[in-house]
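The values are calculated or read from the model by the stated rules, or taken from the named source; none is laboratory data. This one's a predicted model, so the numbers in the text were calculated from it and none came from an experiment. Every residue, glycine as well, gets a Cβ built from its backbone with ideal geometry; the counts of neighbours run over all protein chains shown. Protein only, heavy atoms only, side chains kept; ligands, DNA and RNA dropped before computing areas. Shrake-Rupley method; radii C 1.70, N 1.55, O 1.52, S 1.80 Å.
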Amino acid sequence: MSETGTPYVFPRELTDISDEIRAAQAPIAPRFAEPFRLRVADPDSNDPETIAEWMSLPHLVETWEQPWTAGRRRADIRAQLAGTYSRPCILGLDFASIDRPELGHREVAYVELYRAAKDEIATLYESDAMDVGFHIATADPNLIGKGVISTWIGRLGVEVWRAEPQCRRLMCDPDHRNAAMRKALEKTGWQHLGEFDVRSDRRISLYTLPREPGDMPVIRR
């Protein structure tokens, strides 16, 4: 059992943290108005098989490097739900919103919401225990660059802050080469804090969306 409450330590999860950070509850999956729906993944459903299939797609193998079996994905979902570090979620879209009503409502992306203060990015800035970070893996590459995901990102801050009044800021740390994600963040008001080498094999671009101007994080030097 890790110090943050998960049955095992996730690769990005910090263990040397304060009691205040350790006590922070898991992120809440907020509700979204149509055309989006966000729900917590269910390890006892077909969700692990669906996510495993998505993560085996070439564009997600390259960016996420998690071409896991459904069994491993199921174990990972259960571990997240047992702790307070992160919550695995699935994002749905009503395709009528992009003039494809015949496709109905489909699930299109895997989302992880996590407590940034319990994550490796907290070594880069002065974090607050309730900061929320997110990652998104868009399964359908045809949606990339169409404004769909950036529209959802644009709503994310409002809905997280509605669900979590104590959250002061959101954080995101795409790979520095992920031009599409960086463009989506900057298009929706996120502020770039710089590029950082968090590991020898991982260089990120760190972004934030503060609730108020005074909630801009301070970078550790």
Checked Arg39, Arg72 against criteria (at pLDDT 95 or above, of a type in the set (Lys, Arg) and either touching a helix residue (DSSP H, G or I) at 6+ places or on another chain (Cβ under 7 Å) or open to solvent by 60 Å² or more (accessible area, probe 1.4 Å) (or both)); the one match is Arg39
Residues Ser97, Ser45, Ser86, Ser56: which one is hydroxyl-bearing (Ser, Thr, Tyr) and crowded, with 16+ Cβ neighbours inside 10 Å? Ser86
Meets criteria (among the hydrophobic types (A, V, I, L, M, F, W, C) and modelled with pLDDT under 95) for Ala129: no
Over 25 Å from Arg31 (Cα atoms), open to solvent by 30 Å² or more (accessible area, probe 1.4 Å) and assigned to a loop (DSSP other than H, G, I, E, B): does that describe Arg221? yes
Selection within segment 165-211 - open to solvent by 60 Å² or more (accessible area, probe 1.4 Å), in a strand (DSSP E or B) and touching a Cys at 6+ places or on another chain (Cβ under 8 Å): none
Filter segment 100-115 down to residues that are free of Cβ contacts under 8 Å to residues at least 40 places away in the same chain and open to solvent by 50 Å² or more (accessible area, probe 1.4 Å) and give me whichever is farthest from Ser150 (Cα to Cα). Glu102
Positions within segment 61-109 being out of contact with any Lys or Arg (no Cβ under 9 Å at 6 or more places or on another chain) and of a type in the set (A, V, I, L, M), in sequence order: Val61, Ala70, Ala75, Ile77, Ala79, Ala82, Ala96, Leu103, Val108, Ala109
Among the residues of segment 121-158, write down those that are open to solvent by less than 10 Å² (accessible area, probe 1.4 Å) and within 22 Å of Asp197 (Cα to Cα). Ile121, Ala122, Tyr125, Asp131, Val132, Gly133, Phe134, Ala137
Considering only residues of segment 107-134 that are aliphatic (A, V, I, L, M) and assigned to a helix (DSSP H, G or I), which is nearest to the chain's Cα centre (by Cα)? Ala116
Checking the conditions here, which among Arg31, Arg87 is outside any strand (DSSP E or B), at pLDDT 95 or above and closer than 19 Å to Cys167 by Cα? Arg31
